[in-house]
1. Any idea which residue in the range 26-40 is surrounded by the fewest Cβ atoms within 10 Å (Cβ to Cβ), counting only those that are out of contact with any helix residue (DSSP H, G or I) (no Cβ under 9 Å at 6 or more places or on another chain) and in contact (Cβ under 8 Å) with a residue 24 or more places away in the chain?
2. When the range 226-247 is examined, which residues are found to be surrounded by fewer than 22 Cβ atoms within 10 Å (Cβ to Cβ) and either farther than 30 Å from Gly63 by Cα or of a type in the set (Gly, Ala, Ser) (or both)?
3. Within the range 156-182, restricting attention to residues that are within 16 Å of the ligand (Cβ to nearest atom) and in a strand (DSSP E or B), which residue is surrounded by the fewest Cβ atoms within 10 Å (Cβ to Cβ)?
4. Being within 15 Å of the ligand (Cβ to nearest atom) and assigned to a loop (DSSP other than H, G, I, E, B) is the filter here; which residues of the range 112-155 pass it?
5. Exactly one condition in (1) acidic (Asp, Glu); (2) away from the ligand (no atom under 16 Å from the Cβ); (3) out of contact with any His (no Cβ under 7 Å at 6 or more places or on another chain) is not met by Asp191; state its number.
6. Just one of Glu258, Glu254, Glu268 is touching a strand residue (DSSP E or B) at 6+ places or on another chain (Cβ under 9 Å) and either under 25 Å from Gln381 (Cβ atoms) or not in a loop (DSSP other than H, G, I, E, B) (or both); which is it?
7. Are there any pairs with C-beta distances below 6 angstrom linking a residue in the range 53-65 that is within 17 Å of Ser79 (Cα to Cα) to a residue that is within 10 Å of the ligand (Cβ to nearest atom), with the two at least 6 apart or on different chains, and if so which?
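Bear in mind that the values in this text are calculations on the coordinates, not laboratory data. Fair warning: this is a prediction, and the values are worked out from it, not measured in the lab. Positions of Cβ are backbone-derived with ideal geometry, glycine not excepted, and every protein chain shown enters the neighbour counts.
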Amino acid sequence: MNRIGKKEQTYIQEVLDGQFSSANTYQMVTRLEKTFAEKFHVKHAIAMVNGTATLHMALEAAGVKPGDEVICPPLTMSSTSIAVLQANAVPVFADVDKNTFLITAETIEKVITKKTKAIITVSLYGLAPQMEEIMEVARKNHLIVIEDNAECYGAFQDHKLVGTFGHMASYSFQSSKHLTAGEGGMVITEDDELADKLRRYSGLGYAGISGKKGRITKDDIQSPDYERHVVLGWNYRMADLCAAVALGQVERMEELVEIRCKSAAYYEEQVKDCEWLQPQLVKEGNIPSYWTYVLRLDIEKVDWHVFRKKYQEFGGDGIYAAWKLSYQEPMFQNKSFLNREKSGIYDSYDYKKIHCANAEFLQPRLLQLKTNYYELEKARQQAEVLGKTIAYFDAQIQEKRRTS
Ligand SMILES: Cc1ncc(COP(=O)(O)O)c(C=O)c1O
């Protein structure tokens with residue numbers, strides 16, 4: 001299978017054939033949004049430049065104000081909390097579960113304060129946290145929930161498509177994601193008011209646009225009386241060329257998700273009897289989409305770097321570690337927030353003192369195995385390498401036991 005196929009090429013050609021004339025501009029984005037909304041059975045889909053801008057705009061649409069607290073997990077790609085800072089709000093980190101690696105209703109509840117305004121859940125590696133439990137906590141505390149599903153297209157929970165639990169859900173088309181256009185993002189929502197705000201804030205605050213209407217008519221915009229900007233907005237609009245590729249990918253979503261799930265199944269087969277490698281726990285009712293296949297390594301038995309080196313020696317591809325926990329990044333530790341730290345908002349928050357015990361336990365132990373193989377034979381070979389690596393270290397562990 002080709003990751004980028006005929007459909008994407010055809011749509012790109014259509015955009016180019018349109019010569020970027022004003023009549024054609026934004027047509028492809030509109031088509032993409034319509035298709036995306038239909039795929040997820042939601043009312044609104046609003047395309048943006050990437051999956052960080054989408055989170056930022058979701059927070060602005062949620063009405064998050066400077067100094068409001070937004071709860072998010074620390075074990076994620078840092079865009080989740082960076083977007084909170086971009087909205088001049090305060091990221092508050094809730095710990096994750098040691099087995100699912102995900103934020104939980106319980107850990108969220110522990111960090112709710114009077115200042116909490118929103119929660120960003122992260123469907124990490126293609127697996128969603130227990131959303132109904134989290135929504136229950138949110139309802140009780142009048143909080144907005146934004147699902148960060150950059151890594152989670154096409155997963156299900158309790159027979160519902162992941163992305164349809166929260167008030168909004170955010171997606172990324174960055175190159176490593178299930179669906180890609182090189183870069184790009186999407187927010188979905190059922191709420192008309194949120195949709196209007198998402199569109200307006202990501203479209204420079206233009207008056208004439210709304211959730212359902214991404215373009216302004218020529219008659220409007222050509223008039224000398226036209227007042228364009230009704231609120232402060234950002235220019236986070238997606239380009240038609242990106243939308244062309246993304247449209248082809250969205251139409252092929254099931255196929256592109258399925259191929260990652262098949263790679264994951266090969267790995268699963270190899271680790272099922274291994275005591276020192278623990279896959280991400282999939283709770284009942286969940287069908288994940290395996291952005292990557294992730295294992296928790298017992299580093300008391302096998303060193304992380306030694307495992308990775310041996311895996312590669314046997315012919316395996318590079319294994320990624322989990323990102324540093326967001327609050328461990330120098331930007332948080334030193335509060336290098338581009339003068340926002342001078343606002344006083346962050347004075348009572350010291351990220352050097354934050355500790356999420358489970359996330360800190362997990363971060364040095366996780367192994368992210370690639371699932372983006374478009375030839376399944378390659379995935380099968382990689383799983384065989386995993387099996388060989390496990391057998392190698394099993395023999396070493398047994399030898400150690402015998403001689404001690
Ligand atoms: C969980 C998560 N959130 C947000 C993002 C940001 O998306 P983008 O790179 O499109 O800005 C990513 C990945 O890049 C991600 O993995």
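1. Looking at residues that are out of contact with any helix residue (DSSP H, G or I) (no Cβ under 9 Å at 6 or more places or on another chain) and in contact (Cβ under 8 Å) with a residue 24 or more places away in the chain, I get Ala37.
2. Answer for the range 226-247, where residues must be surrounded by fewer than 22 Cβ atoms within 10 Å (Cβ to Cβ) and either farther than 30 Å from Gly63 by Cα or of a type in the set (Gly, Ala, Ser) (or both): Gly233, Ala239, Leu241.
3. Taking the candidates together, the pick is Gly182.
4. Passing the criteria: Ser123, Tyr125, Gly126, Ala128, Pro129, Asn149, Ala150, Glu151, Cys152, Tyr153, Ala155.
5. With (1) acidic (Asp, Glu); (2) away from the ligand (no atom under 16 Å from the Cβ); (3) out of contact with any His (no Cβ under 7 Å at 6 or more places or on another chain) applied to Asp191, the lone miss is (3).
6. Glu268
7. Ala53/Gly185; Thr54/Met48; Thr54/Ser170; Thr54/Gly185; Leu55/Ala83; Leu55/Ser170; His56/Ala83; Ala58/Ser170
Okay, residues lined up against (1) under 28 Å from the mean Cα position of the chain (by Cα); (2) of a type in the set (Asp, Glu); (3) surrounded by 15 or more Cβ atoms within 10 Å (Cβ to Cβ):
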residue	(1), (2), (3)
Leu325	yes, no, yes
Phe337	yes, no, yes
Tyr351	yes, no, yes
Phe361	yes, no, no
Arg365	yes, no, yes
Asp394	no, yes, yes
